[in-house]
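Reviewing the structure listed below.
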Amino acid sequence: MAYLVLDQLTKRFGNWTAVDNVSLTVEKGELISLLGPSGCGKTTTLQMIAGFLDADGGRVMLDGQDLLAKKPNERGLGIVFQSYALFPHMTAAENVAFGLEMRRIARADRDRMVADALKLVGLEQYGDRHPRRMSGGQQQRVALARALVIKPSLLLLDEPLSNLDAKMREEMQIELRRIQRTVGTTMILVTHDQSEAMALSDRVVVMNKGRIQQVATPQEAYDHPANAFVANFLGRTNLLPGMVGGGAGGTVITVADSVWPVAQPMAAGPGALAVRPEKIGFVDAGGLSGTVLARVFQGTQWLFEIETAAGRLMVIRQHDGSPLPAERERVMVGWRTDDMAVMPADREAA
Ligand SMILES: Nc1ncnc2c1ncn2[C@@H]1O[C@H](COP(=O)(O)OP(=O)(O)OP(=O)(O)O)[C@@H](O)[C@H]1O
Ligand SMILES: [Mg+2]
């Protein structure tokens, strides 16, 4: 059985369903991200796991135990928020020690555990500092040490890096990944930053309007988005309307003057084909024909806009010296069928 199980977890505020039947399993030691736009229910989901909000339906099982039946402070979870929420009058070491004192851990053990936790986050020299004399990144490391020192069965992180500037955020992403690998703690990270989720997570959970859209490894979700929402949320994509039907060799989708095999079983009818700009190339035959509307030099790459009978397409080509079409040239574009995703039209707006 999975380590953590969310089973049809639901939360309503009045007649607004903030979290709608969310089911998910997380393996021990996994780092999983809840990813989605503002208001999609990420924090609400986390707060129900933490016990700061009561669920209106569903269950949460952690290591075989019913988590929702326990009080928040009996759940043994570590929690890190966007604001560091450190005690300003306490030093870094005192902040980290706080949770251990509450648990009545003996002084000698406590000192050793605090030192270990500070070392883990790279702050062994900073135990005596007060938060106001530390940078945002350092303060967030203290918050992380404080959450980890109790050896939580699960660590919940809600936008822990969003208060940091871009450079610090990148450093902390690498740091967080290293710490997670070192301690092996199961972590749920909430973020609305798709690159952060992709860089850090074993799997991403893409949410929209309180519902899970897809659970997959970052690469799987990027390469094979379950629907148009996921395709658009995880980077730039081209979404081409087409018609799904049976061909001689199996199911195909017809997009304007081109025909593409569909790997998964799908009913005939309107559909959409999603393909990333960097996966499209210029081909001699067997592709979708169009005209180059614009071609923009971006240093390491060229950005093309192609007008086709299925709509406008964005194409990215590396600036590696290979010949590329000029503006107003007639072209044909194509891609590997492994690099496209096909979805029913009604799931476009999911
Ligand atoms: N206490 C509350 N009362 C009423 N509505 C709430 C409450 N808390 C959250 N909501 C609503 O529930 C929805 C989900 O909120 P939630 O905080 O979970 O979003 P989020 O995904 O964490 O967004 P963000 O990225 O902005 O933090 C939102 O529409 C929000 O307005
Ligand atoms: Mg939130």
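Computed over the chain, the per-residue total of -39500 (n - 2.57) for DSSP H runs of n ≥ 4 gives a 222 nm mean residue ellipticity of -7000 deg cm²/dmol, rounded to 500.
The Cα atoms of the chain cover 76, 46, 34 Å along the three principal axes, with the biggest extent listed first. Between Leu288, Leu46, Leu324, where does the largest GNM mean-square fluctuation fall for the chain, given springs only between Cα atoms within less than 10 Å? Per the Cα network of the chain with a 10 Å cutoff, Leu324 tops the list. Annotation: extensible slack from Ala2 through Asp284 equals 96.6 nm (criterion: 0.36 nm per residue apart, minus Cα-Cα distance). Translational diffusion coefficient of region 228-347 (Stokes-Einstein, Kirkwood radius from Cα pairs, 25 °C, 0.890 mPa s): 166 µm²/s. Among the listed pairs Lys70/Lys151; Lys71/Lys151; Lys11/Lys119, those whose Cα-Cα separation exceeds 27 Å are Lys11/Lys119.
Subtracting the Cα-Cα distance of Trp16 and Glu220 from their residue separation scaled by 0.36 nm leaves 70.3 nm. Applying 1/(1 + (r/R0)^6) with r as the Cβ-Cβ distance of Asp63 and Ala268 and R0 = 51 angstrom yields a FRET efficiency of 0.65.
The heavy atoms of Asp257 offer some 90 square angstrom of accessible surface to a 1.4 angstrom probe. Our analysis of region 203-287 gives Rg over Rh at 1.00, with the two radii drawn from alpha carbon positions and Rh computed by the Kirkwood formula. Here the label points at His319 and Asp128, each 7 Å from Cα along the C-beta direction, are separated by 5.3 nm in the simple model.
Rounded to the nearest whole Hz, the Karplus-based 3J(HN,Hα) values (6.51 cos²θ - 1.76 cosθ + 1.60, θ = phi - 60°) of region 298-303 follow the sequence 10, x, 6, 8, 10, 10, with x at glycine and proline. Once the 1.4 Å probe is applied to the protein heavy atoms, the chain comes out at 48 Å² accessible per residue. A full extension of the chain between Gln298 and Ala256 corresponds to an added length of 12.2 nm, given 0.36 nm per residue minus the alpha carbon distance. To put it simply, the accessible area of the chain at a 1.4 Å probe is 50 percent carbon and sulfur.
The values are calculated or read from the model by the stated rules, or taken from the named source; none is laboratory data. Fair warning: this is a prediction, and the values are worked out from it, not measured in the lab. Backbone-built Cβ (ideal geometry, glycine too); neighbour counts: all protein chains shown. Keep in mind that these areas ignore ligands, DNA and RNA; they rest on the heavy atoms of the full protein, side chains included. Shrake-Rupley method; radii C 1.70, N 1.55, O 1.52, S 1.80 Å.
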